[in-house]
Each structure stands twice: as structure tokens, then as C-alpha cells.
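What follows is calculated from the coordinates using simple rules that are stated; it is not laboratory data. Quick caveat: nothing in here was measured; it's all calculated off a predicted structure. For neighbour counting, all protein chains shown are included, and Cβ atoms are generated from backbone atoms with ideal geometry for every residue, glycine included.
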Amino acid sequence: MADDILVDDALTRAEPAKRSFAIPDFQADEAAIKALEVKIAHLISISLQAGLEVVRAKHATRRKELVASVEFFTALAREVAEEVTVATKEFNASVNRNAVDRLEARAAPTLLFEEITTLGRAGRKHRAMLRAEAKSGKLAKRVRETQIAVEKHDALLAQLFLTRETDWRKHFDSAEGQAELRRDQRIAKLAAQVDAIDVERKAFEKRLKDGQVGVDEFRAREMRREKLAFLGGKVDGLYFNGQVEYFDAIYFRLRDRTGRDWLLDWDEELRDLERFEFNIAQLNDGSYTVERAIWSDRRVGESRLHDPNRPLTDGADLRLIAALREFALDLEDPWRAERSQQRGEPES
């Protein structure tokens, strides 16, 4: 079988026929779809913010009135508290006592002091003190009521915000809302591009379901989508990573030390290489050399002399298949090459 491949006038690469189909750039398409999703999310966010600002503005006047009431009654309560302090000092001074105990201060003066000859002035001061304390208590209650009113208003407004935001998000998630967003001039061009991508993918899925997609188109499309290429050039740290099937065609899937995946045409004679890791290099004459990769060669990072931007290729490189077959035979019989040189004839 090796002789059938390595004849001088044999094709060195089995190239597919000229494509009669177009393969989309999946990387650019996914970038456009992601960009549209980000822009739509941004539009939804600013739309929600604008809507909530309108709601907040409608209720701002009422909240200002409530806050003003709180501030007004708080100021009154502060003034009355000062009046209570003054009235208490005057009452204490009228009975010649520095008592600050409220329970004692509220008791009738006749019960507190036996030495007082007249209770008229002390009684008036006592009643003034009690009126001031009662007024202070009422204002404190009023302040708390206005504070509760503000808290209730804020809670209802927050609930209204949540309800409105939920309703608007449901609207934007609907078909009508999505159409409304896509008509926005800021994303209309990008939305049209994404719509075209969606139409093309649905058309392909329909053709695939109807059996109108050939193996070459399906393989080329899937390879472009998964960023796969047929193995070739110089690649280090290769090891087998499963297999890929495109309709009836089967390929080895290999991975190099940089994490990039490659395809290699299926060959039963190469199945034994699944246990090994190896490097390949293409020489100037187009032939290949294959060598074992030592364990220390497997490392994360760029492979030496490996171009990560190497374009995707099609077709099987028959010289590479032949080199890998020879490599597999050498692994099975390390002395094979030496015996061939001694006999002066190659082994098949």
C-alpha cells in the first residue's frame, strides 16, 4: 500500500473539486450575533431607566410634600422640646427644688412640698410644664406618622418600579418587543446582518434535512465552524483525540500542544499511533518527517514554528499519510530501518 502512495508520478495531495458552495465565516457571524445581543441589552437597560425616571418624576411631587411634612413637624418637635426644658427648669425653680424626676415633677405641688405657703405660681408652672410635655408627645407622634407615610410611599414606589420593569421586560422579550428594538436606527444595520445569518442557517438546516447537502459542503462547513484544518506543515506535540464523522467519511482528530485540533484521513494502519505523541515537520521538498515527542515537550503555549493564523486547508496530504505509516512501522520494529540498510532494499 505504501508503494501505491510514494510513486514519483502520484498525486501528493488529494484535492477536492472546486467548490460550488459558499462557506460562511462562523467566527465573524458569532461576533455579530454577540454584538447585537450586547446592543439590545444596552437598549433595554436605557429604555427601562428612562421609563423608571418618568414614573419617579410623576411621584416626586408627592414625596416632596411628605418629606416637607416630616421636616416641618420635626422642627416643631425640636422647638417644643426646648419649651419642655425651659418649663421644667421654671417649675423646679418655683418650688426651690432641682428635681428632674418626671414622676415627682408631675405630682401635685401640695403633695411634694410641705413648706410652700402659696401654691399659685408653682401650680401654674406645673401646668405649663405638663402642657409642654403633652404637646411634645403629640408632635413626636405626628413626626413618626409622617415618617411612616414617607416609608410607605417609597415602598409602594419600589413595588411599582418592580412591576413596571417586569412588564417592560416581558414586552421586550416578546416578538413585538424584539421587532421594536431591531427597528431602532442605532442597531438596524447590525440586526439586518444577524437576520441574514439566521436565514442562511435555517436554509442550510432545511437542505440538510432534505438530503440536499453534499459531504464536501457539510465537511467544509463543520470544519470552518469548529476551526479545524487538515493536518500539515510543522506541528508539535500531536496526539489522537477521537474521531470525526461527516456522513460516511471518517477522520482522526488530533490535538497539538497549543490546544488546536486537526483532522487526518482515516487509515487503519495508523490506529496504533493512538498510544503515542509525536511531532511532524514538512521538508522543503514536500516530504514529511515524524518523530516521537518526549514528555517534556508537551506544554501549554505556542508550538515552535507553528503559525496560529495558518489558513484552513482541504484534502489529504498523501505524503504525510505515508510518513505516518513509516513512523508506525518503526515504532513496532525499531531495528527495521537498520535491517533495510543492511539488505540494501526497503521493506514494505
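Placing pseudo-labels 7 Å out from each Cα toward the beta carbon at residue 54 and residue 42 gives an inter-label distance of 2.3 nm.
Do any of 206/234; 64/170; 125/152; 58/189; 34/209; 64/135 go past 30 Å between their Cα atoms, and which? Long pairs (Cα-Cα over 30 Å): 206/234; 64/170; 125/152; 58/189. Ellipsoid fit via the Cα gyration tensor, region 115-180: semi-axes of 63, 6, 4 Å, each the root of five times an eigenvalue, largest first. For region 131-268, the convex hull drawn through the C-alpha positions has a volume of 283 cubic angstrom per residue.
The phi-based Karplus calculation (6.51 cos²θ - 1.76 cosθ + 1.60; θ = phi - 60°) puts the 3J(HN,Hα) values of region 168-185 at 5, 5, 4, 5, 5, 7, 6, 4, 5, x, 4, 4, 5, 5, 5, 7, 4, 4 Hz, whole numbers, x for Gly and Pro.
Assuming R0 = 35 Å, can you tell me the calculated FRET efficiency for the pair residue 159 and residue 30, based on Cβ-Cβ distance, to the nearest 0.05?
Values: r = 40 Å, r/R0 = 1.14.
In this case the efficiency is close to 0.30.
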